[in-house]
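Worksheet: one structure, shown below.
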Amino acid sequence: MTTRPTVILTRRWPASVEAELQQRYRVTLNEDDHPFSSRELQSALQHYDAVCPTVTDALTAEVLNTAPLRCRILANYGVGVNHIDIETAAAKGITVTNTPGVLTDCTADIAITLLLMVARRAGEGERQVRSGRWQGWRPTHLLGTKITGKTLGIIGMGRIGQAVARRARFGFGMKILYFHPRPLANDALAGLNASACASIDQLLPQCDFVSLHCPGGQRNFHLIDARRLGLMPSHAFLINTSRGDVVDTEALIQALKRGTIRGAGLDVYENEPHVDPQLCALENAVLLPHLGSATVETREAMGLRVLANLDAFFSGRNPPDCVV
C-alpha cells in the first residue's frame, strides 16, 4: 500500500477542512494554534512532504536553507506570499502555491467597512457608548464625512481592488481613480467608469479616500511614506487591507497627529501582531485585527483551495495556483 504524503499545518484551520485533509493525508495539526518559531519551521521542512504555512510564518532564506530538506511543496493558506522567500524556494526546488480568488469578496467588504467606519467616526462613537461617555444626540456630535459621490483612489487594481471599486461605484456612486502597474483587460472595469492614473503621485492629490490593494514585500516596502502622505488632501482618508509594510507606520502616525490627512482605516500592520501604541491612541484611526478573509465561508474555501493544490501536486499534475 502506498504511504500517504505527510502534511503539517502551521495554524489551525476550520474543523471541516482539517477533517477533509486527514481523509487524504497523514496530517499533523498545530494543536494549540501558536505561531511557529523559525526552529519549528525548519523542523517542519525537514520532516514533512508538505508544509502549509500562513502569513504568520516567516519562511526566510535562512529558514528555507535548512538541511536535510524533505518538504517538496509550500501550500500557502492565503493569497499573499510575501512572507516566503520565493527565490530561495525556487532554487531549492520547492513548489509554492497560494489561494487566490476565494477571499476577494470578503477582503473587499472589510475595505469598505473601514472606509465607512473612519469616514463616519464609528470607532470613536462605539468607544463613547461602551465607556458610558455618550451624553445623547446633539447637532454637532461626531460629525463625519459623506461618502456618496466622493472620489476613491485604488492602488492595485487586481481582483480585490476591482471588487472594492464595484462596491464603491454601485453602492455609493463614488468616482473611481486607480493606479495599476500593468495594463488591465478591456472588460475588467466594465461599467465602473474608472479612470487610470499614470502614477501614484498623480492619483493621490485627487482623492477623498485611498485604498491599498498591492502586494507586500520589498518591492512595495513603504510605498506610502511621508512624502506621499503629504500629497493627499488634508480631508482625505487612507485605507489599508493589503500588507502592513506597504505603509510607513511612523510617517502615518505623524500624518494623523498633524492633520496631514484626516484619518486611516487599517486591517494590517508592520510587525504583526505588534501594533504601535501611538497608533492605538489616535482617535482618527480605525484598527481591525487582520479580518480581511475572516468569514467561515472564506476560510473554508481557502482550505479547500490548498487541498486542491496538494491533490494536484501529489498526483503529478501542476497545481492550479502555482506561484513557483
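Which residues' amide hydrogens lie under 5 Å from the amide hydrogen of residue 27, considering only partners 5 or more residues apart or on another chain, with H built in the peptide plane?
Under 5 Å from the amide H of residue 27: 7.
Compute the relative contact order of the chain as a whole-number percentage, counting only Cα pairs closer than 8 Å that sit 6 or more residues apart in sequence.
17 percent
Most exposed first by the Cβ proxy, i.e. fewest other Cβ within 10 Å, how do 130, 182 rank?
Taking fewest neighbouring Cβ atoms as first place, the list is 182, 130.
Once you order the gyration tensor axes a ≥ b ≥ c over the Cα atoms, which shape class does the stretch 23-110 get: rounded for a/c under 1.5, otherwise prolate or oblate by comparing a/b with b/c?
Taking the square roots of the gyration eigenvalues as a ≥ b ≥ c, the stretch 23-110 is prolate.
Counting other Cβ atoms within 10 Å, keep those with at most 10, restrict to DSSP loop, and tell me which chymotrypsin sites (Phe, Trp or Tyr not before Pro) in the stretch 118-177 are left. Don't skip to the answer; put the middle values down first.
Numbers: sites: 134, 137, 170, 172; in loops: 134, 137.
Counting only loop positions with at most 10 other Cβ atoms within 10 Å, the chymotrypsin sites (Phe, Trp or Tyr not before Pro) in the stretch 118-177 are 137.
Give me 164, 324 ranked fewest to most by other Cβ atoms within 10 Å of their Cβ, as a rough exposure proxy.
With the fewest neighbours first, 164, 324 line up as 324, 164.
Counting only Cα, what are the radius of gyration and maximum Cα-Cα distance Dmax of the chain, in Å?
Rg, Dmax (Cα atoms, Å): 21.3, 75.
Below 8 Å, C-alpha to C-alpha, sequence gap of six or more: please give me the relative contact order for the stretch 104-287 in percent.
21 percent
Between 198, 44, 226, which gets the highest mean-square fluctuation from a Gaussian network model of the chain, Cα cutoff 10 Å?
Largest GNM mean-square fluctuation: 198.
Where nothing but the Cβ of Lys and Arg (+1) and of Asp and Glu (-1) is charged, how large is the charge dipole of the chain around its Cα centre, in debye to the nearest 20?
Charge dipole of the chain: 900 debye, to the nearest 20.
Using the Kirkwood formula over every pair of different C-alpha atoms, what hydrodynamic radius in Å results for the stretch 104-287? Numbers along the way, then the final one.
Numbers: mean 1/r = 0.0600 Å⁻¹.
Hydrodynamic radius (Kirkwood, Cα pairs) of the stretch 104-287 is 16.7 Å.
Give me the mean projected area, in nm² to one decimal, of the convex hull enclosing the Cα positions of the stretch 112-174.
The directionally averaged projection comes out at 5.2 nm².
How do the peptides 92-101, 152-161 rank, highest first, by the average count of neighbouring beta carbon atoms within 10 Å per residue?
The most tightly packed comes first, giving 152-161, 92-101.
Do the sum for the chain: with -39,500 (n - 2.57) for every DSSP H run of n ≥ 4, divided by all residues, what is the mean residue ellipticity at 222 nm, to the nearest 500 deg cm²/dmol?
Helices in the chain give a 222 nm mean residue ellipticity of -10000 deg cm²/dmol.
Could you tell me which of rounded, prolate or oblate describes the stretch 57-204, using a ≥ b ≥ c as the square roots of the eigenvalues of the alpha-carbon gyration tensor, with rounded for a/c under 1.5 and, failing that, prolate when a/b is larger than b/c and oblate otherwise? Walk me through the intermediate numbers first.
On the way: a/c = 3.09, a/b = 1.61, b/c = 1.92.
In terms of gyration-tensor shape, oblate.
Return the percentage of antiparallel bridges among DSSP beta bridges fully within the chain, rounded to the nearest 5 %.
Close to 5 percent.
Where the centroid of each part is defined by its Cα atoms, how far is the stretch 103-122 from the stretch 232-305 in Å?
Rounded to whole Å, the Cα centres lie 11 Å apart.
Classify the stretch 1-43 as rounded, prolate or oblate, taking a ≥ b ≥ c as the square roots of the eigenvalues of its Cα gyration tensor: rounded when a/c is under 1.5, otherwise prolate if a/b is larger than b/c and oblate if not.
Oblate, because a/c is 1.5 or more while a/b does not exceed b/c.
Laboratory data are not the source of any read-out in this text; all were calculated from the coordinates shown. Predicted, not measured: the structure shown is a model, and the values here were computed from it. Note that each Cβ is placed from the backbone with ideal geometry, even for glycine, and that neighbours are counted across all protein chains shown.
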